[in-house]
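Let me begin by presenting the structure, written as structure tokens, before commenting on it.
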Amino acid sequence: MCGIIGYVGERKCINILLDGLKALEYRGYDSSGIAYNENNEIKIIKSTGKVQELENKIDKNLPSYIGIGHTRWATHGIPNEINAHPHHQGKTTLVHNGIIENYVELKKELSSYYNFKSETDTEVAAALIDYLAKNNSKLEALKKAMTKIIGSYALAIIFDDEPETIYAIRKDSPMIIAQKNNDSFVASDIAAILKYTNEYYILNEGEIAKLTKEKLTIFNNNLQEITKDLKIYQGNINDIMKNGFDHFMLKEIYDETSVYQNIINTYFPNYDIKELINNFPNLSKYEKIKIIGCGSAYHAGMVAKSTLEDFANIETTVEMASEYRYKKIFPNSKELVILISQSGETADTLEALRIAKKNNIDTLAIVNVNSSSIARESDMVIYCLAGCEIAVATTKAYLAQVLILSLITLTISYNKKIITNEEANKYLFNIKNLISDTKKILDNKEEYQKLASKIYKNNCMFFIGREIDYAICMEASLKMKEISYIHSEAYPAGELKHGTISLIEENTPVIGIITQEEIAQKTISNLKETKARGSKIIIITTQNIYDKYLNDHFYEEIIIIKDINILLQSLVTVTPLQLLSYYVAKLRGEDIDKPRNLAKSVTVE
Ligand code: G6P
């Protein structure tokens, strides 16, 4: 989604702003712009398309030492230069992430004082702040603006009559601030400034940040100066570099083994269940679990539903955050709500968390980004430790979510005495093998390239499976459609014949996922039903199932993965499917890391 970078300091700012915007490109955007102070005059340059197009319009050596920049993911108004940020009204120039919900009313109130050129809600915020700053100090004006604006916002603001200062405020959209060696920064995430510093502060709701070359000051809601805890980003610059890979997505798939290793090192370095129990919250008292997330995080929950129910004997439901927030809630002190989010900032998931808390339901967040809003506001948190993920399509962070959920399942099962100490330790030790099994998959990329070459020209495909395999299909299908733009659907294998099978034509790829022996033959029968209608069948299955049930070669291609165990099988099944989507998208020549219309972190409803 939109990204913000602001800089004031001793260095020329244009390159710093452009670097920051490029580092934010991964969030998804369709236009960009910067505002900078040149000889005490605020100038604005904008462009549609890539940041490179903005860069082509600017002299990078301009003598400007303060500026704000933005990548816009269109919400109100089409992606054109007029709607691109920064927006300027009166003496106020600003960039904005989020959505101002009452902008129509505010626009009406302000329309006798200002002409509005764009269709955006942001331009209204600029006018509002400008109007309030006419008769108030800048701090007072921002404080008043925060009481008037309804919705979500992270704003970085420069005033014509204070052109050496950047102000920042936020609500429900993240913002960090930093200062190092006479360089002050404001940004929507750490990636934008990591080249210069890994030390930052989190700006909270209701606070105002004031950045000058020498000083970073933060004020609370009463406009008193406050001090904050310094945060240190634990990852490193390699997280935001491609390291020789063609795309971040591929690099991040290859990172998966080190993510598993990080999880082992942090939570159970000696493969001892007691260590894991000490490092994870105790969830024994809960009789029900509800998992909430969006996109791939929701799919991770769908995988975990099967394992939590089958392996830990705990009733589990899974909800999309955007649905949960408008449903009737039945508060239950024996229920735990688990929120899953890579970014920890997804607006719907954050709101679902707040609703659960308002209903006195205990909450546990499984989050990748440290100190993100969801991590901070949940009662308990477990970090995924996947490192910074840049590609819009999540890969390593999704698998980290699934692994953390499997570990939760293991701890519940152990605490309920469903499994013994010895059995639990064996499961943990198997995660070591998961690393070598995943490495083998990654070493075999030619297999997925070959497979991709057989299906990349199709414009429609299906992924079918049952139970946990269906949950894997959902993620595999999302990955395929989001980066390759092939229309792809995940279907429970047994349900296909109730309507959807009418879409199967000669050569339609149907990818069957079969990893559970008990129901393998059922899915095989459903695949054969599609074969009878001309489909091109590809199967992903385990060695054991292959040996027992798949010797009649009715399929076009087969990928055989290792049998592991119910807790880890999905992890080793998903990596090949991620590689398959990647190579299909690559053959189709798509912009893999930044698929059209998508955003990495969806901070609007
Ligand atoms: C976006 C991303 C998806 C992601 C979803 C949830 O739609 O493109 O890859 O799964 O948001 O994001 P979260 O950060 O909450 O996991």
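The values are calculated or read from the model by the stated rules, or taken from the named source; none is laboratory data. Keep in mind the model is a prediction, meaning the values are calculated, not measured. Every residue, glycine among them, receives a Cβ derived from its backbone with ideal geometry; neighbour counts consider all protein chains shown.
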Breaking point among (1) at positive phi; (2) touching a helix residue (DSSP H, G or I) at 6+ places or on another chain (Cβ under 6 Å); (3) buried (at least 20 other Cβ atoms within 10 Å of the Cβ), for residue 90: (3)
Return the only residue of 439, 417, 445, 432 being more than 16 Å from the ligand (Cβ to nearest atom) and without any contact (Cβ under 8 Å) to a residue 24 or more places away in the chain. 417
So which helices (runs of 4 or more DSSP H) are wholly in region 246-311 and hold at least 1 residues that are out of contact with any Leu (no Cβ under 8 Å at 6 or more places or on another chain), modelled with pLDDT of 95 or more and within 16 Å of the ligand (Cβ to nearest atom)? 248-254
Could you check, for region 206-218, whether at least one of its residues is out of contact with any Lys or Arg (no Cβ under 7 Å at 6 or more places or on another chain) and within 19 Å of residue 389 (Cα to Cα)? no
Taking region 28-44 and keeping only residues that are in contact with a Pro (Cβ under 9 Å, 6 or more places away or on another chain) and either away from the ligand (no atom under 16 Å from the Cβ) or modelled with pLDDT of 95 or more (or both), one is left with 31, 33, 34, 35, 37, 38, 39, 40, 41, 42, 44
Hey, can you tell me all the residues within region 584-599 that are away from the ligand (no atom under 16 Å from the Cβ) and at positive phi? 589
Filtered residues of region 301-320 (kept if touching a residue at least 60 places away in the same chain (Cβ under 8 Å) and of a type in the set (Val, Ile, Thr)): 303, 307, 314
Within region 330-353, which residues are within 13 Å of the ligand (Cβ to nearest atom) and of a type in the set (Gly, Ala, Ser)? 341, 343, 344, 347, 352
Quick one: would you say residue 359 is under 27 Å from residue 414 (Cβ atoms) and of a type in the set (S, T, N, Q)? no
Is one or more of the residues making up region 56-71 within 19 Å of residue 170 (Cα to Cα), away from the ligand (no atom under 16 Å from the Cβ), of a type outside the set (Gly, Ala, Ser) and in contact (Cβ under 8 Å) with a residue 24 or more places away in the chain? yes
Restricting attention to region 147-167, and to residues there that are within 25 Å of residue 104 (Cβ to Cβ) and hydrophobic (A, V, I, L, M, F, W, C), which single residue is surrounded by the most Cβ atoms within 10 Å (Cβ to Cβ)? 156
Is it fair to say residue 212 is farther than 21 Å from residue 575 by Cβ, modelled with pLDDT under 95 and surrounded by 14 or more Cβ atoms within 10 Å (Cβ to Cβ)? no
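Here is a yes/no grid of residues against (1) under 18 Å from residue 491 (Cβ atoms); (2) at pLDDT below 95:
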position: 512; (1), (2): yes, no
position: 532; (1), (2): yes, yes
position: 546; (1), (2): no, no
position: 554; (1), (2): no, yes
position: 564; (1), (2): no, yes
position: 582; (1), (2): no, no
Reported set for region 571-583 where residues are surrounded by 24 or more Cβ atoms within 10 Å (Cβ to Cβ) and within 16 Å of the ligand (Cβ to nearest atom) is 574, 578, 581, 582
Could you check region 354-399 and list, in sequence order, the residues that are part of a helix (DSSP H, G or I) and either more than 11 Å from the ligand (Cβ to nearest atom) or not hydrophobic (A, V, I, L, M, F, W, C) (or both)? 354, 355, 356, 357, 358, 373, 375, 376, 377, 396, 398, 399
If you go through 594, 586, the only one that is charged (D, E, K, R), at pLDDT 95 or above and either crowded, with 16+ Cβ neighbours inside 10 Å or not in a strand (DSSP E or B) (or both) is 586
Output for region 539-553, where each listed residue is more than 14 Å from residue 466 (Cβ to Cβ) and part of a strand (DSSP E or B): 542
So which residues in region 117-138 are part of a loop (DSSP other than H, G, I, E, B) and surrounded by fewer than 18 Cβ atoms within 10 Å (Cβ to Cβ), if there are any at all? 117, 119, 135, 136, 137
Does region 567-574 contain at least one residue that is of a type outside the set (Lys, Arg), in contact with a helix residue (DSSP H, G or I) (Cβ under 6 Å, 6 or more places away or on another chain) and in a loop (DSSP other than H, G, I, E, B)? yes
Kindly list the number of the only condition in (1) crowded, with 19+ Cβ neighbours inside 10 Å; (2) outside any helix (DSSP H, G or I) that fails for residue 506. (1)
Looking only at region 441-497, which residues are more than 19 Å from residue 586 (Cα to Cα), in contact with a Leu (Cβ under 9 Å, 6 or more places away or on another chain) and of a type in the set (D, E, K, R)? 489
Given the criterion within 30 Å of residue 189 (Cα to Cα), buried (at least 21 other Cβ atoms within 10 Å of the Cβ) and in contact with a strand residue (DSSP E or B) (Cβ under 7 Å, 6 or more places away or on another chain), identify the matching residue among 530, 515, 603, 542. 603
